[in-house]
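Structure first, then comments.
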Amino acid sequence: MNRKLVNFIFILLLASAVGLLAHANSKYKKYMEQSLGGLLLMCVKGDDNGCFFYAGIQANEGNLKEARDAYLIAAQNAKNRSGFVCIFQLARLYQSGQGIEQDLAQAYRWFAVLSRLMSQQDLQTASKN
C-alpha cells in the first residue's frame, strides 16, 4: 500500500479516537468536576454515574467500606452501564473480602442479579434489531 495512504488512514483513525475521547469527557465532565461531597449527594439521589465516580475515588483511596456503600446504592437503582459496573464491583468486593468481610453468598447474589439484568438488556437489544 502507498505510504501516503497508510499515513492518511492513521491520521484519520487518530482524529476519530481523539473525537470520541473528547465526547466522553464532555459527557462525564459534571462528574469529574464535582467534589467528593457533591458526588455522594448525586449518588444518594439515585444517579448511577455519581455513585460510580464516588465509589471509584473511595476505592482508589483505600476506603473500601465507603466504596461498597456507594456500589450498593447504585446496584439497588441500576439503570445504565455505570450501575451494572457498580453491581459487578460490589460482587467482587464481597467475593474477595478486600476491605470488607468476605461474604460469598452476597457475592453470588449480586453476580446473579447482574446476570439477570444483562440477559434482559441483551434480549431487549436483540428484539430491536
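Bear in mind that the values in this text are calculations on the coordinates, not laboratory data. Since this is a predicted model, take the numbers as computed values, not measurements.
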Item to complete: Identify all aspartates and glutamates with a Cα-Cα distance to K65 below 14 Å; exclude those on the same chain that are fewer than 8 residues away in sequence.
Response: E101, D103
Worksheet item: Tell me, what ³J(HN,Hα) does each residue in region 45-60 have, in order and in whole Hz, if you take phi through Karplus 6.51 cos²θ - 1.76 cosθ + 1.60 with θ = phi - 60° and put x for Gly and Pro?
Response: 7, x, 8, 4, 5, x, 4, 4, 5, 4, 4, x, 5, 4, 5, 5
Worksheet entry | Whichever aspartates and glutamates have a C-alpha closer than 18 Å to that of K30, once near sequence neighbours (fewer than 8 apart) are set aside | D47, D48
Discussion item. Can you compute 3J(HN,Hα) from phi for each residue in region 89-102, using the Karplus curve 6.51 cos²θ - 1.76 cosθ + 1.60 with θ = phi - 60°, rounded to whole Hz and x for Gly and Pro?
Written reply: 5, 4, 4, 5, 4, 5, 5, 7, x, 6, x, 9, 5, 5
Worksheet item: Across region 74-83, in residue order, what do the Karplus-derived ³J(HN,Hα) couplings come to in whole Hz, using 6.51 cos²θ - 1.76 cosθ + 1.60 with θ = phi - 60° and x for Gly and Pro?
Response: 5, 5, 6, 10, 3, 10, 9, 4, 4, x
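What shape does region 34-128 take by its C-alpha gyration tensor, where a ≥ b ≥ c are the square roots of the eigenvalues and a/c under 1.5 counts as rounded, a/b above b/c as prolate, and the rest as oblate?
Working: a/c = 2.70, a/b = 1.24, b/c = 2.17.
It is oblate, given that a/c is not under 1.5 and a/b is not larger than b/c.
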